[in-house]
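Report on the following structure.
The values are calculated or read from the model by the stated rules, or taken from the named source; none is laboratory data. Treat the numbers as computed from the prediction; the structure is a model and nothing was measured. Here Cβ is always computed from backbone atoms with ideal geometry, including for glycine, and neighbour counts include all displayed protein chains.
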Amino acid sequence: MLHVYRQITGLRNFSPVVFAQKRENVAQFPFDDVIVIPKNPLRELRRFWAKKIRNAPLQISRSETARICAELRGVNAALMHIYFGHIGVLLLPLIELQPVPIVVSFHGADAMVDMDKPRHRAAMQRMLARITLALVRSHSLADRLVDLGCAREKIRIHRTGIPLEQLPFAQRTPAENGAWKFLQACRLISKKGLRVSLRAFAEFAKKFPAATFTIAGEGPMLDQLKMFTQELGIPEKVHFAGFVSQQQLRELFYASHFFLHPSELGRDGNQEGVPNSMLEAMATGLPPLATTHGGIPEAVENGVSGVLVDERDDEALARAMLELAGNSNAYRTMSSAAAQAVAEKFEMHAQIRALENFYNEALLS
């Protein structure tokens, strides 16, 4: 993931070595110190046994644990940082050996999904009991870990780092002739609230027929979302851009007037931390219209740096869109406030310095 790559390559007081199961996209993510530890050939069989027979999470084998321990010794590792809670559960046999202080980062769904299953929950609790520090992207995630049994004194807030130099602020101005351009960039899954976005946009387009909506991203909902635009009578106003590069996404940010992200709790308990795409959009001055969901209210102050409505409330979202489009002064002010909010709380270099401080704290614990 790009935000993980930014963290790793931004470290200055630590020399990171990445352990991975495979190496991909080397040209896009150049980094020399990578140790590839392939999956055990029997892992898929073990996954089937764990999930289908025992209804339990998969964990690495003894041989995989021994291999990772040997590699840690080989690089003289002083600390291990595991990205994502479910990977921490996968590596539980290693964590229980506690070869070095261990930090685990949680981002959202990795603290939520499958926690209604006793064996999954028990494994998560064992992992939380043994790690040194848990880093979370929002206070809502911190509360979730406490509910799971994590000691609050282990938890630290560590925000996503946004490279402001790559996303300079551009003051937004109201659309000419009502040609408002909306953007949503995300994986096409239910928790992103895409059907809510489309219903709200359809209502907005009744007053502003020149408005358009671009949805950037891939996912399993693509076909049903395209059908939904037909049902709403707006297929010609909605463009599904598919996967876009970082450069293409930045161009979409600067070409748009509003960023939509009405996240909602998934049926499986899947919840957002703070969406990276929303933060990047805000950094450029793009006002967000989102929901009081997960960590979003910790990034967006309602009525100041964006607009927040209740989950699944497309009528409230449409009203907010129309009200802001009808108030030029409020729109301009919100554009600059959105960028300022990201600069104050999510600037990348400040967050990397915070991460290094957490590493030092873990080493001294």
Are there any pairs with C-beta distances below 9 angstrom linking a residue in region 30-56 that is under 29 Å from ILE8 (Cα atoms) and free of Cβ contacts under 8 Å to residues at least 60 places away in the same chain to a residue that is among the charged types (D, E, K, R) and loosely packed, with under 13 Cβ neighbours inside 10 Å, with the two at least 6 apart or on different chains, and if so which?
VAL34/ARG23; VAL36/LYS22; VAL36/ARG23; PRO38/LYS22; LYS39/LYS22
Would you check if there is a residue in region 265-274 being under 17 Å from ARG187 (Cβ atoms) and of a type in the set (Val, Ile, Thr)?
yes
Go through region 1-12 and report how many residues are free of Cβ contacts under 8 Å to residues at least 40 places away in the same chain and surrounded by 14 or more Cβ atoms within 10 Å (Cβ to Cβ).
2
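To keep it simple, each residue is scored yes or no on (1) in contact with an Asp or Glu (Cβ under 8 Å, 6 or more places away or on another chain); (2) without any contact (Cβ under 8 Å) to a residue 24 or more places away in the chain; (3) part of a helix (DSSP H, G or I).
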{"residue": "ALA122", "(1), (2), (3)": "no, yes, yes"}
{"residue": "SER140", "(1), (2), (3)": "yes, no, yes"}
{"residue": "GLU165", "(1), (2), (3)": "no, yes, yes"}
{"residue": "PRO174", "(1), (2), (3)": "no, no, no"}
{"residue": "PHE204", "(1), (2), (3)": "no, no, yes"}
{"residue": "PRO220", "(1), (2), (3)": "no, no, no"}
{"residue": "ASP223", "(1), (2), (3)": "no, yes, yes"}
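Could you please let me know if GLU356 is farther than 22 Å from SER197 by Cα, touching a Gly at 6+ places or on another chain (Cβ under 9 Å) and acidic (Asp, Glu)? Full working, then the answer.
Values: farther than 22 Å from SER197 by Cα: yes; touching a Gly at 6+ places or on another chain (Cβ under 9 Å): no; acidic (Asp, Glu): yes.
Taking the combined requirement at face value, the residue does not satisfy it.
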Just wondering, is there one or more residues in region 88-95 that are touching a helix residue (DSSP H, G or I) at 6+ places or on another chain (Cβ under 6 Å), surrounded by fewer than 17 Cβ atoms within 10 Å (Cβ to Cβ) and either not in a helix (DSSP H, G or I) or not assigned by TED's automatic domain parsing to the domain that holds ALA210 (or both)?
yes
Sole residue being assigned to a helix (DSSP H, G or I), surrounded by fewer than 19 Cβ atoms within 10 Å (Cβ to Cβ) and in the same structural domain as VAL136 (by TED's automatic domain parsing), chosen from SER15, SER63:
SER63
Filter result for the condition that a residue is in contact with a His (Cβ under 7 Å, 6 or more places away or on another chain), of a type in the set (Gly, Ala, Ser), surrounded by fewer than 22 Cβ atoms within 10 Å (Cβ to Cβ) and not assigned by TED's automatic domain parsing to the domain that holds PRO99, over ALA179, ALA175, ALA210, ALA170
ALA175
Counting only helices (runs of 4 or more DSSP H) wholly inside region 257-365, the ones holding at least 1 residues that are touching a strand residue (DSSP E or B) at 6+ places or on another chain (Cβ under 7 Å), in contact (Cβ under 8 Å) with a residue 60 or more places away in the chain and under 20 Å from LEU167 (Cβ atoms) are 276-283, 328-345, 348-364
Out of (1) surrounded by fewer than 15 Cβ atoms within 10 Å (Cβ to Cβ); (2) within 26 Å of ASN276 (Cα to Cα), the odd one out for ALA185 is which?
(1)
